[in-house]
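For reference, the structure is listed below as structure tokens.
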Amino acid sequence: MEDRAQWGTRAGFILAAIGSAVGLGNIWRFPAVAYENGGGAFFIPYLFALLTAGIPILIMEFTMGHKYRGSAPMTLNKVSRKSEFIGWWAVVVAFIISTYYSVIVAWAVSYSVFSLNLSWGSDTEGFLFGEYLQLADTPGTFGGLVPGVVIPLALIWLLVLGILFKGVKKGIEIANRIMIPLLLIIFLIIVIRAVTLPGAMAGLDEFFKPDFTQILSPKVWVAAYGQIFFSMSIAFAIMITYASYLPKKSDITNNAFITGFSNSSFELLAGIGVFSILGFMAQQQGVPISEVVSGGVGLAFVVFPAIINEFPAFKELFGFLFFASLILAGLSSLMSIIETYISGISDKFGISRSKSVIFGGGLAALVSLLYATRGGLYFLDTVDYFINNFGVAALGLVEVILIAWVLRKLKEFKDHANAISDIQLGAWWTISLGVITPLVLGFMMFGLLKDNILREFDTETGNYEGYSDMFVLYVGWGAAIAALAIGIIFGLIKWKKSKEVE
């Protein structure tokens, strides 16, 4: 008998998976990464990475969730009792990410209000760090809560936890059915306006102009795999959890291809919109486009408000639409991230979904207040860097090596997916997961470890962002190591009898 929650429709599941994959990184990370790594030529390694890592891992995780019908810890326990800690490691990484991701969405809420009268003024950088975040001078100090961040943060948590209270079909599915089409409509309006701005074509030319000499650089290939990895919600419990709610007859491979290509299509759309607008800004300021290219928080909350100030008409409207798109992309991803630990807690301890939402979501909301302090941006920046690179990327490497090399489960998973899917898996999938992905991720991890450990001893470059040794050790490495340690501890706890894993 099937007692696990289920998606109402296949479209509901696909929209939720796309909603999870399409997040803030698609809008503010991809355009800058593509530009810095060969422009139009970057799409060759990017597509190769999508087909040899992104979609294959997505199929693997969809298959695991569908086959074992449980949260990531329960699924990994059923794969092998000794590997349950990997599921918990992924869940803790998701928990940590949700605590600061929610804060960035809260900033977008504030900025959507600021855009109505352009209250950020002409000095957008000074406004963000000075007036809005009231940023402390020294990393590591708290400096008290910032009301302008706490209020929208509380609203975000109330909204998301309210949706998750409703469950999979009535909560997550309905929310994504509203948010994802709305996000696409809003972003299309922004892109259509962007490409008609003066200087837009110069921006697009700069974005798409291929520099084929860069394709020979390993750095570019690592950037392509990194972008695919961080933008598709793979390897940190989300897709396993979402797939566990699928009906028994579900086309796994088709769903994975639709999700993967939808995510990449949105990234391309974001690149067109962002570089059209950057081309406009460069023309307005009379500088080369290379001088206005930015990514991350700086692009969204410093560069874009400055660009909106220069818009020829309807500045307030397009400012509002841009930050509304960030809110929608952020909310759909945040929901999926929180769902991983709600599902894991409920499965492990045999408690109801509502109790799991209150306990897991409530604890995350409290922890998120750390990033709403005057020193919050320093904590956020450092935790994000280390938890992504030494949490998500490391998890992907361990997960693929475990399934492909240690437990040799690829054939079993391939047979399970092929039995219910239109697109049949063959040698491409096995070689991608067994050889290409582990080698590339291994190379990535080696480079990251080497760079970050050598920084400790290099007086010229110093630590990440020049932060002090103690701050990087306790906040950065501390978060990454704590995620693994807590995962191991949770893996040792016995399952509640009502949810005992057979």
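Return yes when Glu399 is assigned to a helix (DSSP H, G or I) and in contact with a Lys or Arg (Cβ under 9 Å, 6 or more places away or on another chain) and no when it is not.
Values: assigned to a helix (DSSP H, G or I): yes; in contact with a Lys or Arg (Cβ under 9 Å, 6 or more places away or on another chain): no.
No.
Could we say that Ala365 is closer than 29 Å to Val168 by Cα and at pLDDT 95 or above here?
Numbers: closer than 29 Å to Val168 by Cα: yes; at pLDDT 95 or above: yes.
Here the answer is yes, as Ala365 does meet what is asked.
Identify the residue in segment 347-357 that is surrounded by 24 or more Cβ atoms within 10 Å (Cβ to Cβ) and not β-branched (Val, Ile, Thr) and, among all such residues, is farthest from Ala17 (Cα to Cα). Break it down into steps so the answer makes sense when it comes.
Quick first cut of segment 347-357, residues surrounded by 24 or more Cβ atoms within 10 Å (Cβ to Cβ) only: 347-348, 357.
Those still in the list that are not β-branched (Val, Ile, Thr) too: 347-348.
Values: Asp347: 21, Lys348: 24 Å.
Ranking the candidates gives Lys348 first.
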Seminar exercise, completed: Within segment 423-435, residues closer than 18 Å to Lys67 by Cβ and open to solvent by 60 Å² or more (accessible area, probe 1.4 Å) come out as Ile423, Gln424
Exercise. Just checking, how many residues over segment 38-96 are out of contact with any Asp or Glu (no Cβ under 9 Å at 6 or more places or on another chain) and of a type in the set (Asp, Glu)?
Worked result: 1
For this session: Could you list all residues from segment 415-438 that are touching a residue at least 40 places away in the same chain (Cβ under 8 Å) and closer than 18 Å to Ala235 by Cα?
Result: Trp429, Ser432, Leu433, Ile436, Thr437, Pro438
Exercise. Which ones in segment 304-343 are under 26 Å from the mean Cα position of the chain (by Cα), more than 20 Å from Ser231 (Cβ to Cβ) and open to solvent by 10 Å² or more (accessible area, probe 1.4 Å)?
Worked result: Ala306, Phe318, Phe320, Leu321, Ala324
Seminar exercise, completed: Pairing a residue in segment 1-29 that is closer than 18 Å to Ile163 by Cβ with any residue that is of a type in the set (D, E, K, R) and open to solvent by less than 30 Å² (accessible area, probe 1.4 Å), where Cβ atoms lie under 7 Å and the two sit 6 or more apart in sequence or on different chains, gives Trp7/Glu173; Gly8/Glu173; Gly12/Glu173; Ala16/Glu173
Exercise. When you look at Glu456, is it at pLDDT below 90 and acidic (Asp, Glu), yes or no?
Worked result: yes
Exercise. Could you say whether any residue in segment 124-141 is more than 30 Å from Ile337 (Cα to Cα) and of a type in the set (Gly, Ala, Ser)?
Worked result: yes
Exercise. Out of all the residues in segment 129-139, is one or more in contact with a helix residue (DSSP H, G or I) (Cβ under 7 Å, 6 or more places away or on another chain), at positive phi and open to solvent by 20 Å² or more (accessible area, probe 1.4 Å)?
Worked result: no
Seminar exercise, completed: Residue pairs within 8 Å by beta carbon, gap of at least six or interchain, first lying in segment 183-198 and of a type in the set (Ser, Thr, Tyr), second not in a helix (DSSP H, G or I), listed first then second, are none
Problem set entry | Qualifying positions in segment 364-409 - closer than 30 Å to Lys78 by Cβ, free of Cβ contacts under 8 Å to residues at least 40 places away in the same chain and hydrophobic (A, V, I, L, M, F, W, C) | Ile401, Ala404, Trp405, Val406
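Tally time: how many residues in segment 197-231 are of a type in the set (Phe, Trp, Tyr) and either touching a Ser or Thr at 6+ places or on another chain (Cβ under 9 Å) or within 11 Å of Gly39 (Cβ to Cβ) (or both)?
Going through segment 197-231, the residues of a type in the set (Phe, Trp, Tyr) turn out to be 207-208, 212, 221, 225, 229-230.
In the following step, the residues that additionally are either touching a Ser or Thr at 6+ places or on another chain (Cβ under 9 Å) or within 11 Å of Gly39 (Cβ to Cβ) (or both) were identified as 207-208, 212, 225.
Adding up the residues that qualify gives 4.
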Exercise. So which residues in segment 406-417 are open to solvent by 30 Å² or more (accessible area, probe 1.4 Å) and in a helix (DSSP H, G or I), if there are any at all?
Worked result: Val406, Lys411, Glu412, Lys414, Asp415, His416
For this session: Filter segment 243-269 down to residues that are more than 22 Å from Leu441 (Cβ to Cβ), under 16 Å from the mean Cα position of the chain (by Cα) and surrounded by 23 or more Cβ atoms within 10 Å (Cβ to Cβ), then give me how many there are.
Result: 1
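Can you list the helices (runs of 4 or more DSSP H) found entirely within segment 21-114 that contain at least 2 residues being touching a Phe, Trp or Tyr at 6+ places or on another chain (Cβ under 8 Å), at pLDDT below 95 and open to solvent by 10 Å² or more (accessible area, probe 1.4 Å)?
Values: elements: 24-28, 30-36, 43-49, 55-68, 72-79, 84-114.
The qualifying helices (runs of 4 or more DSSP H) are 30-36.
Scan segment 352-384 for residues that are part of a loop (DSSP other than H, G, I, E, B) and in contact with a strand residue (DSSP E or B) (Cβ under 9 Å, 6 or more places away or on another chain) and jot them down. Write out each step before concluding.
As a first pass, look at segment 352-384 and keep what is part of a loop (DSSP other than H, G, I, E, B): 352, 374-375.
Arg374, the sole residue that qualifies.
The values are calculated or read from the model by the stated rules, or taken from the named source; none is laboratory data. Given the structure is predicted, the values throughout are model-derived calculations rather than measurements. Cβ sites come from the backbone with ideal geometry, for glycine too, and all protein chains shown count toward neighbours. Calculation scope for accessible area: heavy atoms of the full protein, side chains included, ligands and nucleic acids excluded. Shrake-Rupley method; radii C 1.70, N 1.55, O 1.52, S 1.80 Å.
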